[in-house]
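Reading through the C-alpha cells given below for one structure.
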Amino acid sequence: MPLLGTVIGFSFAGLAARMGQLSIQNRNLYSNPGGHLLAMGVFGYAGYLAHKWETYSGQLLAEKKNEIRERREQMAAKFASQQENSE
C-alpha cells in the first residue's frame, strides 16, 4: 500500500505542477488533457523510483549496521583476549 500511495501522491503533484504551469501562462487548464496525463505519468514514475530507492537504501543501511556491530563485537573479543593474556 505505501507504494501505491507514493505513486498516486507524486502523480497528483505532477498534476498540480502542470496546472500551476498553465495558470502562470494564463492558458486554458482543460485544453490538453494528454499533457496532464503525461505529467502525472512522469511524476508517478518518479514516485515509484523514489519508493524503490527508499527501500533499497534502508536495506543497505541495515546491512552496514550489522557489519559495524559484528566488527565491534570482534574487536571487543580481541581486546578481552589480549587483556586475559597480559594478566
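Miscellaneous remarks
- In a simple Cβ point-charge model (Lys, Arg +1; Asp, Glu -1; nothing else charged), the chain has a dipole of about 480 debye relative to its Cα centre.
- DSSP-loop chymotrypsin sites (Phe, Trp or Tyr not before Pro) across region 1-74, with at most 13 other Cβ within 10 angstrom: Tyr30
- Of the residues Ile24, Val42, Leu4, the one whose Cα sits farthest toward the positive end of the charge dipole of region 3-85, with +1 on the Cβ of Lys and Arg and -1 on the Cβ of Asp and Glu, is Ile24.
- Accessible area of region 3-85 belonging to carbon and sulfur atoms, whole % at 1.4 Å probe: 62 percent
- Inter-probe distance in nm under a simple model that places probes 7 Å from Cα toward Cβ, at Ser86 and Glu73: 2.5 nm
- Helix 2-24 axis versus longest C-alpha principal axis of the chain: approximately 40°, rounded to the nearest ten.
- Applying a DSSP loop filter and a limit of 12 other Cβ atoms within 10 Å to the GluC sites (Glu not before Pro) in region 1-81 leaves nothing.
- Probe 1.4 Å, protein heavy atoms only - accessible area per residue of region 3-85 in square angstrom: 78 Å²
- Each semi-axis of the equivalent ellipsoid for region 3-85 is √(5λ) with λ an eigenvalue of the Cα gyration tensor; in descending order they amount to 54, 11, 6 Å.
- The chain: angle of helix 33-86 to the longest principal axis, Cα-based, in degrees nearest 10: 10 degrees
The values are calculated or read from the model by the stated rules, or taken from the named source; none is laboratory data. Worth saying up front: this structure is predicted, and the values here are computed from it rather than measured. Cβ atoms come from the backbone with ideal geometry, glycine included; neighbour counts cover every protein chain shown. Only protein heavy atoms, including side chains, enter the accessible area calculation; ligands, DNA and RNA are left aside. Shrake-Rupley method; radii C 1.70, N 1.55, O 1.52, S 1.80 Å.
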